[in-house]
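Presented below is the structure to which this report refers.
Just so it is clear, none of the values below were taken in a lab; they were calculated from the coordinates. Please read all numbers here as calculations on a predicted model, not as lab measurements. Using ideal geometry, Cβ is built from the backbone for each residue, glycine included, and neighbour counts are taken over all protein chains shown.
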Amino acid sequence: MNLPFPINAREIARRYKPVDPKTHKGIQGHALIIGGSYGKIGAVVLASKAALKTGCGLVSAFIPKCGYEIMQTSLPEAMVNADKHETHITEIHFEIQPQAIGIGIGIGQEPATQKALHDFLKTNSHPLVVDADGLNILSANPDWLSLLQPGTILTPHPKELERLIGAWSNENEKLQKTIDFSMLYKVIVVVKGALTKIIDGDTIYENTTGNAALATAGSGDVLTGMITSLLAQSYPPLEAAMLGVYLHGKTADIALPETGYQSFIASDIIAHIGKAYLSLGTM
């Protein structure tokens, strides 16, 4: 197994594309966030706001009906489409043409939701990020993994990763099993943790930003929104994942002197995305 390549300032500088001063929202990408269920609409609010703050021109959310007013009130900049069911998603349908989709956050595991995810994956051709219960549904239905398009980005935390690849006894075994999984399904796996790693086939990348403040509720939802936004801005999947985890970690490094570890929350990640971007200009 090769040593990880560091995701550091030098690597990000090679990949970061400054915004064209003459751009407009119609060519900055349209991201679609699909998720939410009763009591978990906040996950979609966080991801959608993070997608906007990361720079895509348009963001739409597809959620169950119970979240419609919450989304429209919490994030007036986003567009909202609602499922016919009140508490969970039962059928995924949209008329827009997004450049990228993030799915799974707060979506729950109702049988109808699982079927909706299956039917979506059968026809989806958009660049995709899968997180949270989207991953848990795939773990419970492993034959559906073959429906994922090559280059799909999966963003599991350790327990979600274990459900996908099985248990491991040490770090090397975890990485090897993740490499095998990535190569088998041709997906990119963002292994979230103290040192977040990105597995792309047999190549490992290790992030160099971030700190313990990121261990907070909603942090992963924000990362999903950020990576989806970068995909929508036409970054290739690996570069979207690399830039996403780097900026995500950088926000915590920038905010830490103000917030400390204990009072940093997911909304603070979103609030500091701008400063994280500005730090790229000093490279």
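Assorted remarks:
- Summing Lys and Arg as +1 and Asp and Glu as -1 over all other residues whose Cβ lies under 13 Å from the Cβ of Ile165 gives a net charge of 0.
- Rounded to 5, percent antiparallel among DSSP beta bridges of the chain: 25 percent
- Estimated dipole of the chain in Debye, rounded to 20 [Cβ of Lys and Arg +1, of Asp and Glu -1, Cα centre]: 540 debye
- A simple charge model with +1 on the Cβ of Lys and Arg, -1 on the Cβ of Asp and Glu and nothing else charged puts the dipole of the stretch 175-254 at about 100 debye relative to its Cα centre.
- Charged side chains reduced to their Cβ positions (Lys and Arg at +1, Asp and Glu at -1) give the stretch 104-166 a dipole of some 80 debye around its Cα centre.
- Residues in the stretch 237-266 reached by a label modelled at Ser74 [backbone nitrogen below 18 Å; 7 Å Cα→Cβ]: 265-266
- Ranked Met242, Met1, Met183, criterion: other C-beta atoms within 10 Å, fewest first: Met1, Met183, Met242
- Simple rule: put +1 on each Lys or Arg Cβ and -1 on each Asp or Glu Cβ in the chain, find the dipole, and look at Leu3, Ser74, Ala255; the Cα lying farthest toward the positive end is Ala255.
- Max mean-square fluctuation residue, GNM over the chain, Cα-Cα springs under 10 Å, options Ser234, Ser169, Ser267: Ser169
- Per residue of the chain, the DSSP helices (runs of n ≥ 4 H) give a summed -39500 (n - 2.57) that works out to -13000 deg cm²/dmol at 222 nm.
- Set of aspartates and glutamates with alpha-carbon distance to Lys49 below 18 Å, sequence-local pairs under 8 removed: Glu69, Glu77, Asp131, Asp221, Asp268
- Among the listed pairs Lys22/Lys250; Lys25/Lys84; Lys65/Lys115; Lys53/Lys186, those with a Cα-Cα distance over 21 Å are Lys22/Lys250; Lys25/Lys84; Lys53/Lys186.
- For mean projected area of the Cα convex hull in nm², the value computed from the atomic coordinates appears in the list [x] 18.7; [y] 14.1; [z] 16.9 under label [y].
- Candidates Ala266, Ala232, Ala50: whichever shows maximal mean-square fluctuation once the chain is modelled as a Gaussian network with Cα springs under 10 Å: Ala266
- Asn8-Ile265 pseudo-label distance in nm [points 7 Å out on the Cα-to-Cβ vector]: 3.6 nm
- Sorted by Cβ density within 10 Å, fewest first, the residues Thr87, Thr113, Thr178: Thr87, Thr178, Thr113
- Ranked Met79, Met71, criterion: other C-beta atoms within 10 Å, fewest first: Met79, Met71
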